[in-house]
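For reference, the structure is listed below as structure tokens.
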Amino acid sequence: MAVNIDELLQRVRAGLDRVTAPEAFAAAEAGDALLVDIRYAALRDRDGLIPGALVVERNELEWRLDPLGSHRAPEAVSHDLRVVVVCNEGYASSLAAASLHQLGLHRATDLIGGFQAWRAEGLPVTGP
């Protein structure tokens, strides 16, 4: 049965423990979460980066974060890793986090409002 994107987002988000920007910042600072920025290069160049976030283009996300994968990032050490996916406004990141759940990363979630919410909260950003 087909669904529209709004319905799909609602279903996906029901299975995530989504976090606010201050919560994501605190978790990353405490070493309890890995922030993963999936924004494309033009947005990163325009708006800057979250210090300490792992930058992984969306089309590489599953390959880089699969702890059992041959192309995994060094940070992808366990299926228990708490990953907070960050996109620009918090839409694509929800779908990305759900995909990580399918790989067994059961603590993966996303940042409500994305990078724009992070910046609006006045949290650290490097670059432009």
* under 23 Å from G104 (Cβ atoms) and open to solvent by 80 Å² or more (accessible area, probe 1.4 Å) - does that describe any residue in segment 29-50? -> yes
* Count - residues of segment 11-59 that are on the phi < 0 side of the Ramachandran plot and touching a residue at least 40 places away in the same chain (Cβ under 8 Å) -> 30
* To do: Go through (1) farther than 15 Å from I38 by Cβ; (2) open to solvent by 60 Å² or more (accessible area, probe 1.4 Å) one by one and return the number of the condition L81 breaks.
  => (2)
* Please state which one of A33, A98 is modelled with pLDDT of 95 or more, small (G, A, S), within 15 Å of the chain's Cα centre (by Cα) and farther than 28 Å from G127 by Cα. => A98
* Answer with yes or no whether D6 is out of contact with any strand residue (DSSP E or B) (no Cβ under 6 Å at 6 or more places or on another chain), among the acidic types (D, E), open to solvent by 60 Å² or more (accessible area, probe 1.4 Å) and touching a residue at least 40 places away in the same chain (Cβ under 8 Å). => no
* To do: Identify all residues within segment 82-115 that are free of Cβ contacts under 8 Å to residues at least 40 places away in the same chain and among the polar types (S, T, N, Q); write none if there are none.
  => S99, Q102
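The values are calculated or read from the model by the stated rules, or taken from the named source; none is laboratory data. Just so we're clear, the structure is a prediction, and the values are computed from it rather than from any experiment. Here the Cβ is made from the backbone with ideal geometry for all residues, glycine too, and neighbour counts use every protein chain on show. All accessible areas refer to the heavy atoms of the entire protein, side chains included, with ligands and DNA or RNA removed. Shrake-Rupley method; radii C 1.70, N 1.55, O 1.52, S 1.80 Å.
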